[in-house]
Amino acid sequence: MFNFSLSGFHGWALSESYLGNVGVKGLKDVLNFKKIYDSVKNNDYDIYKKDIVVKQAIKDGLQVGATLDVQRGIAENLINNVGKFLENSIPGFGKPFSMPVKVVSKATELNNKVLWDVIHNNYKINAYELLIQNESKNGNITEEKRKEIAQWVNDSFGGLAWENLGISPSTKKTFSR
């Protein structure tokens, strides 16, 4: 999990999707490490600042937050439970053995905040907002077009739409286990 968190794969993939939707002007967001740091440090995310846009985006079908294929909570709980197990199972020696697990746990938690709470949500909302603005320049935008844009943003940011494949969340969970 530690290697996965540090690989940069998801950060790069999300940035690629964002730049594909908004163009070169999106580089200022992708390279704004201070904003990402401040967002995590202060729990100050764009999703809270753009309340009206987010409500409309969700109404139009934009998916924010965790998707079914990102098993964020499961991974975090698994790591935490391994640490607790080590502490409780090895009397007198469990605590030192659990310390590396705690480091991995904190790194995973931080990675998840940066990736999913800041980058994923902010990029999707910003891409949706910009595409709506661009489409609105040609006149009034229909509800159907708004929904089409929301679906486009969902699709371009990945995430497997299991329900579109006829696979229920409980079936997905069973297969994941």
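Tell me the residue from Leu27, Leu86 that is farther than 25 Å from Lys173 by Cα and at pLDDT 80 or above, please. Exactly one residue qualifies, and that residue is Leu27. Residues that are at pLDDT 85 or above and either among the hydrophobic types (A, V, I, L, M, F, W, C) or surrounded by 13 or more Cβ atoms within 10 Å (Cβ to Cβ) (or both) within segment 41-56 comprise Ile52, Val53, Val54, Gln56, listed in sequence order.
Against the conditions (1) hydrophobic (A, V, I, L, M, F, W, C); (2) under 21 Å from the mean Cα position of the chain (by Cα); (3) modelled with pLDDT under 80, Ala150 satisfies every one except (3).
The values are calculated or read from the model by the stated rules, or taken from the named source; none is laboratory data. Note that this is a predicted model, so its numbers are computed, not measured. Every residue, glycine as well, gets a Cβ built from its backbone with ideal geometry; the counts of neighbours run over all protein chains shown.
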